[in-house]
Amino acid sequence: MIKKYTPGIILSILVAIISAKFSKFIPGGFISPGVFALLFGMMINPLIQEHELYGHGVKFVSKRILKLGIILMGATLSFGQVLEVGKYSLFVMSFTLLAAFGGGYYLGKLFGMNWKLSGLISAGTGICGASAIAAIAPTIQAEDRDIAYSISATFIFDIVMVILFPIAGRYFGMSDLGFGLWAGTAVNDTSSVVATGYAFSDIAGSFAIIVKLTRTLSIVPAVLIFSYINERLNTKHSSMNGENREKVNIKNIFPWFILMFLAVVGMKSIGVISQTLGEDISSISKFFMVMSLGAIGLNTNFKEVSKSGFLPMVHGFLISALVVVVSFGVQVLMGQI
């Protein structure tokens, strides 16, 4: 049994290590190791897809290790952070999340996109990039190619934002608080938020990180909602095919790993997990996430991803731009800018 999983797990570990090394060579660190892992995995896929040697281990990493990484990610958060960032950031986030998911839904319908791909792009844009996409994907049985495409869509926009945000912030004369709130609510991936915030000022960078970590907590309701929607659509499909339609069983669809994630957040909040231990667990969590994204890449054929066409990329760009404008606009109305 162990021999069946070992080759794929080792390959995923190697991809994660190489990706982490490559990420360090990028100035500012705004391209995360997870993005490199996804790309490297997709590059290796043609070499291993015909061999069953790696299949079981790679699938194990992309499903089980992924959930473990998300659970451990809770060690970087505490419920106290929600109170720390205050009512302003929560108020802005409510609008950006509405813009991401509402706009994503209607644009997805307009472009005739697969709802799962559209939803993943919206989640990556509205919440926290690859982490949100990775958390929601297993609850809706998303294809690996949709996961890869949605991460790519949010990543490309992040590269543009890391460059343009500090320039725009200085042009508009934003305060450290205002810019940190803007970057924390509008830039997707955590590494990109860090790079963007600190490019403006150290104070703005610190505030952007707090806002971003609080924003990450919205993974919980998002996972629950997507899980319910997926089950509703599945039962509706069964009914249309003449099968007996059963009521949605929350117990069966509930993503139990999210409870474990909240348990870890709770332990961090009450001090069971110290700052030092939390940082160590966070490092492990990040490595597991990179491993998982590498495994998703190893399971993904680039030709299959390309079949999704150009419209989903446009969808991702438009949603990201909408979130940027909404975050800025809400702050203007609040008098923060």
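Structural remarks
- Residue match in region 296-306 (condition: closer than 29 Å to L107 by Cα, buried (at least 22 other Cβ atoms within 10 Å of the Cβ) and of a type in the set (V, I, T)): yes
- Of all residues making up region 101-139, the number that are among the β-branched types (V, I, T), under 14 Å from V223 (Cβ atoms), touching a residue at least 40 places away in the same chain (Cβ under 8 Å) and crowded, with 23+ Cβ neighbours inside 10 Å: 2
- Just one of (1) surrounded by fewer than 24 Cβ atoms within 10 Å (Cβ to Cβ); (2) within 30 Å of K303 (Cα to Cα); (3) more than 11 Å from the chain's Cα centre (by Cα) fails for A148. It is (1).
- Restricting region 152-170 to residues that are under 15 Å from the mean Cα position of the chain (by Cα) and hydrophobic (A, V, I, L, M, F, W, C) leaves a set whose member that is surrounded by the fewest Cβ atoms within 10 Å (Cβ to Cβ) is I156.
- Selection count, region 280-295, where residues are surrounded by fewer than 24 Cβ atoms within 10 Å (Cβ to Cβ) and either aromatic (F, W, Y) or under 12 Å from S19 (Cβ atoms) (or both): 3
- For S118, the stated conditions do not hold, so it cannot be described as under 26 Å from L11 (Cα atoms), within 14 Å of the chain's Cα centre (by Cα) and hydroxyl-bearing (S, T, Y).
A quick yes/no check of all residues on (1) closer than 15 Å to M289 by Cα; (2) at pLDDT 85 or above; (3) in a loop (DSSP other than H, G, I, E, B):
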| residue | (1), (2), (3) |
| --- | --- |
| K3 | no, no, no |
| P7 | no, yes, no |
| L14 | yes, yes, no |
| I18 | yes, yes, no |
| S23 | yes, no, no |
| V35 | yes, no, no |
| F40 | yes, yes, no |
| L68 | yes, yes, no |
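- Scanning region 176-211 for residues that are aromatic (F, W, Y) and modelled with pLDDT under 90, we see that the one that is nearest to M93 (Cα to Cα) is F207.
- Selection over region 162-213 of residues that are among the hydroxyl-bearing types (S, T, Y) and free of Cβ contacts under 8 Å to residues at least 60 places away in the same chain gives a count of 4.
- Selected residue (only one of T235, T214 is under 17 Å from A135 (Cα atoms), part of a helix (DSSP H, G or I) and either under 17 Å from the mean Cα position of the chain (by Cα) or modelled with pLDDT under 80 (or both)): T214
- Index of the failed condition, G173 passing every other in (1) at pLDDT 85 or above; (2) surrounded by fewer than 22 Cβ atoms within 10 Å (Cβ to Cβ); (3) in a helix (DSSP H, G or I): (3)
- Of all residues in region 307-331, exactly one satisfies the criterion of being at pLDDT 85 or above, more than 21 Å from the chain's Cα centre (by Cα) and loosely packed, with under 15 Cβ neighbours inside 10 Å, namely G329.
- Boolean, G57 is modelled with pLDDT of 85 or more and at negative phi: yes
- S274 vs. criteria out of contact with any His (no Cβ under 8 Å at 6 or more places or on another chain), at pLDDT 75 or above, over 27 Å from S94 (Cβ atoms) and surrounded by fewer than 21 Cβ atoms within 10 Å (Cβ to Cβ): yes
The values are calculated or read from the model by the stated rules, or taken from the named source; none is laboratory data. What you are looking at is a predicted structure, and each value in this text was computed from that prediction instead of being measured. Note that we place each Cβ from the backbone using ideal geometry, even for glycine, and neighbour counts take in every protein chain shown.
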